[in-house]
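Shown next, in structure tokens, is the structure this report addresses.
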Amino acid sequence: MSPISPDIALRDYRMPVYQVPDTVIEVLPIAQRQALKARLRTLLNQKNAVLVAHYYTDGDLQLLADETGGCVSDSLEMARFGTRIDAQTLLVCGVRFMGETAKILNPEKSILMPTLEAECSLDIGCPIDAFSAFCDQHPHHQVVVYANTSAAVKARADWMVTSGSAVDVVTMLKQQGRRIIWAPDKYLGQYVQQQTGADMILWQGACVVHEEFKGTELELLRHQYPQAKVLVHPESPASVIQQADVVGSTTGIIKAAMELDAEQFIVATDKGIFHKLRELAPGKTFIEAPTAGRSATCKSCAHCPWMAMNTLGKAIHALETGANEILVDPAIIERARKPITRLLEFTRDQKRLAGDA
Ligand code: SF4
């Protein structure tokens, strides 16, 4: 395995300082939630809109998306879904980069979000000016960016990847003899580098949720549940990934829970995913991987504070008023579509090959 290339410019670059919001989770009586769901269902119908929700969002939003012909998925499938449906409006429940990706692939559609304040620490931590300057210093590297980036950063990239596709894409680039700039998640980058042996320079971003999972405490929990299989998202630190039975994207984690012959699972990813896990693997037990550890902090709760901003009330407000529309500069759309389309074609070809095999 080749070492990660040292890079003075990257070492010296200061990651942006940002405030992680103290999102208060909305707890509403069942009757009120039912009334809000009914109103949202009516609005989706009236406005010819579909609801596209990420696995980490509110369980009722996920239910409604499923019940109304929308989609509950990971970021790649969310991006694909919009291109397959006729609806004029997509109500994207997730974080801003997901709305931007939907707009890039569906520029003729209106993309609304419950709030434009739902960010992502990976996206914020990789501002276009600094990233672009960094790429300029390595003109012969292929620029591979994770889906969790702004439209402008995607427009600067050669490839966009997701956690489920990153190893395959980087393997292919390595076989072509390419060196790689990887951004923004350092943990996922380390995992991909370790799996592929590719020559990669890693941007130093991290997810505020997955970075909090603790290796030592996970070890203790595994002793309490010796039969449990450990499912880990690769945005987690290496000490957690090393203990995984399965390392996978959100879709990969759900698939493993459904298919593995085990009754108990320790899950290291945002706990919003437990809604889908319980629905698709009923009767199995899911245990949250430990976050706080001995140095407990209030922010360690395994739930993304930005995803939690997607509420039923805000979704209704967006559809009623047309607020929070995602707008992306057409020139950026045109450039950003290339790395995304490359990935969609790559995954499609891979599926075809797997089907033929
Ligand atoms: S869970 Fe992490 S990667 Fe996902 S949106 Fe939140 S901050 Fe970003």
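The values are calculated or read from the model by the stated rules, or taken from the named source; none is laboratory data. On a predicted model such as this, the values are computed, not experimentally measured, just so you know. Neighbour counts run over all protein chains shown; Cβ positions are idealised from the backbone, glycine included.
Below, the figures for the structure above:
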{"quantity": "Filter result (at pLDDT below 95 and charged (D, E, K, R)) within segment 271-284", "calculated": "271"}
{"quantity": "Qualifying residue in segment 235-247 (condition: within 16 Å of the ligand (Cβ to nearest atom), touching a helix residue (DSSP H, G or I) at 6+ places or on another chain (Cβ under 6 Å) and modelled with pLDDT under 95)", "calculated": "no"}
{"quantity": "Extreme residue, farthest from the chain's Cα centre (by Cα), among residues of segment 43-58 that are on the phi < 0 side of the Ramachandran plot and away from the ligand (no atom under 16 Å from the Cβ)", "calculated": "46"}
{"quantity": "Segment 335-357: number of residues that are among the charged types (D, E, K, R) and surrounded by 13 or more Cβ atoms within 10 Å (Cβ to Cβ)", "calculated": "4"}
{"quantity": "Some residue of segment 160-174 being part of a loop (DSSP other than H, G, I, E, B), basic (Lys, Arg) and away from the ligand (no atom under 16 Å from the Cβ)", "calculated": "no"}
{"quantity": "Residue in segment 117-127 that is nearest to the ligand (Cβ to nearest atom), counting only those that are among the small types (Gly, Ala, Ser) and part of a loop (DSSP other than H, G, I, E, B)", "calculated": "118"}
{"quantity": "Subset of segment 285-302 that is surrounded by fewer than 19 Cβ atoms within 10 Å (Cβ to Cβ) and within 16 Å of the ligand (Cβ to nearest atom) - its residue that is modelled with the highest pLDDT", "calculated": "288"}
{"quantity": "Unmet requirement for residue 278, which otherwise passes all of (1) buried (at least 17 other Cβ atoms within 10 Å of the Cβ); (2) over 18 Å from the mean Cα position of the chain (by Cα); (3) away from the ligand (no atom under 16 Å from the Cβ)", "calculated": "(1)"}
{"quantity": "Filter result for residue 342 (within 19 Å of the chain's Cα centre (by Cα), on the phi < 0 side of the Ramachandran plot, at pLDDT 95 or above and more than 16 Å from the ligand (Cβ to nearest atom))", "calculated": "yes"}
{"quantity": "Subset of segment 82-116 (residues that are within 16 Å of the ligand (Cβ to nearest atom), in contact with a helix residue (DSSP H, G or I) (Cβ under 6 Å, 6 or more places away or on another chain) and in contact (Cβ under 8 Å) with a residue 60 or more places away in the chain)", "calculated": "92, 93, 100, 101, 102, 113, 114, 115"}
{"quantity": "Only listed residue being on the phi > 0 side of the Ramachandran plot and not acidic (Asp, Glu), chosen from 69, 99, 82", "calculated": "69"}
{"quantity": "Residue within segment 272-292 that is in contact with a Leu (Cβ under 9 Å, 6 or more places away or on another chain) and among the polar types (S, T, N, Q) present", "calculated": "no"}
{"quantity": "Any hit, segment 205-227, residues being closer than 12 Å to residue 146 by Cα, more than 16 Å from the ligand (Cβ to nearest atom), assigned to a helix (DSSP H, G or I) and modelled with pLDDT of 95 or more", "calculated": "no"}
{"quantity": "Near pairs, Cβ below 7 angstrom, 6+ apart or cross-chain, from segment 52-81 (under 18 Å from residue 163 (Cα atoms)) to any residue that is within 15 Å of the ligand (Cβ to nearest atom) and of a type in the set (Asp, Glu)", "calculated": "55/74; 56/270"}
{"quantity": "Lone unmet requirement of (1) more than 16 Å from the ligand (Cβ to nearest atom); (2) out of contact with any strand residue (DSSP E or B) (no Cβ under 8 Å at 6 or more places or on another chain) for residue 264", "calculated": "(2)"}
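For (1) farther than 18 Å from residue 75 by Cα; (2) buried (at least 23 other Cβ atoms within 10 Å of the Cβ); (3) of a type in the set (A, V, I, L, M, F, W, C); (4) free of Cβ contacts under 8 Å to residues at least 12 places away in the same chain, each residue gets a yes or a no:
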| position | (1), (2), (3), (4) |
| --- | --- |
| 176 | yes, no, no, yes |
| 180 | yes, yes, yes, no |
| 192 | yes, yes, yes, no |
| 199 | yes, no, no, no |
| 206 | no, no, yes, no |
| 209 | no, yes, yes, no |
| 212 | yes, no, no, no |
| 265 | yes, yes, yes, no |
